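Here is the structure we will look at, set down as structure tokens.
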Amino acid sequence: MSHLIAPSLLSADFLNLERDIEMLNNSEADWIHLDIMDGVFVPNISFGFPILNRLKEKTSKPLDVHMMIVEPEKFIPEVAAAGAHTMNVHYEACTHLHRVINEIKKHGMKAAVTLNPHTPVILLEDIINDLDMVLLMSVNPGFGGQKFIEHSVEKVRKLKELIINKGSNALIEVDGGVNLETGKRLIDAGADVLVAGNFVFGSDDPIKTIKALKSM
């Protein structure tokens, strides 16, 4: 499988959001990545269901919803109703992770677990076969435009080894500081999906930038 590109809407121009979504529709982006933040689990607030619910009317791209919130299990029905393809929940936010994963799948979505930079991949050993994807944060979550954490490349390798050893089909997604240089190293290490925010939306030609990320 060729790697997938999921531009992060967090870096879009929210005064021209429909324009930016249309740009993504016309690009080679595979998914649209959506960071929902509550100001509690992470030190920022982004957007919620009013925007999420309108997105399914404006794009046919699969929606990759990343819940950077406490108690994400409370909103599984709402995320599913908004047309999400994948629901990402943080390992650090879920006391009963296996139950949450099962509920996400019961609602017809792909189930993904996100790890913060300090959280080791070995903690997923007992649940990796139940997951469709693991999202590794390569910056501390909460804000776009942060510097890439170099240890993330080795972390991808460790996760890939765990997936192979366990016979899991989980994809590896990476979010934070992704550009052509870091993206290439992440793919070489075993990443399947790259999330890119500022690198895409801050470029002079986002469609060309997405194509370059896709062509690596």
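Annotations
- Equivalent ellipsoid of region 29-125: semi-axes from √(5λ) of the C-alpha gyration tensor, largest first, are 21, 15, 13 Å.
- Antiparallel DSSP beta bridges within region 4-214, as percent of all bridges there, nearest 5: 5
- C-alpha center-to-center spacing [region 71-98, region 106-145] in angstrom: 12
- The modelled label-to-label distance between residue 96 and residue 198, using points 7 Å beyond Cα along the C-beta direction, is 4.0 nm.
- 19 Å Cα-Cα threshold exceeded, pairs from 61/110; 160/208; 74/110; 74/160; 158/184: 160/208; 74/160
- Rounded to the nearest whole Hz, the Karplus-based 3J(HN,Hα) values (6.51 cos²θ - 1.76 cosθ + 1.60, θ = phi - 60°) of region 90-98 follow the sequence 7, 3, 6, 9, 10, 5, 10, 4, 4, with x at glycine and proline.
- Mean separation of Cα contacts under 8 Å, 6 or more apart, over the residue count of region 4-214: relative contact order %: 21
- Inter-centroid distance (Cα atoms) of region 1-25 relative to region 184-206, Å: 12
- Taking every Cα-Cα distance in region 176-216 and sorting them into 10 Å bins starting at zero, the pair-distance distribution P(r) comes out as 32, 58, 10 percent.
- Between residue 22 and residue 106, the contour length at 0.36 nm per residue exceeds the alpha carbon distance by 27.1 nm.
- Every Cα-Cα pair in region 62-104 was counted, and those over 15 Å apart are 32% of them.
- Volume per residue that the Cα convex hull of region 50-192 spans, once the total is divided by residue count, Å³: 117
- Region 117-216 - Debye-derived log10 I(q)/I(0), Cα point model, q = 0.14, 0.22 Å⁻¹: -0.52, -1.11
- Region 47-70 versus region 147-182: alpha-carbon centroid distance in Å: 24
- Qualifying chymotrypsin sites (Phe, Trp or Tyr not before Pro) for region 1-51 [loop in DSSP, other Cβ within 10 Å: at most 13]: 14
Values quoted throughout were computed directly from the atomic coordinates according to the rules given, and no laboratory measurement underlies them. Worth saying up front: this structure is predicted, and the values here are computed from it rather than measured. Every residue, glycine among them, receives a Cβ derived from its backbone with ideal geometry; neighbour counts consider all protein chains shown.
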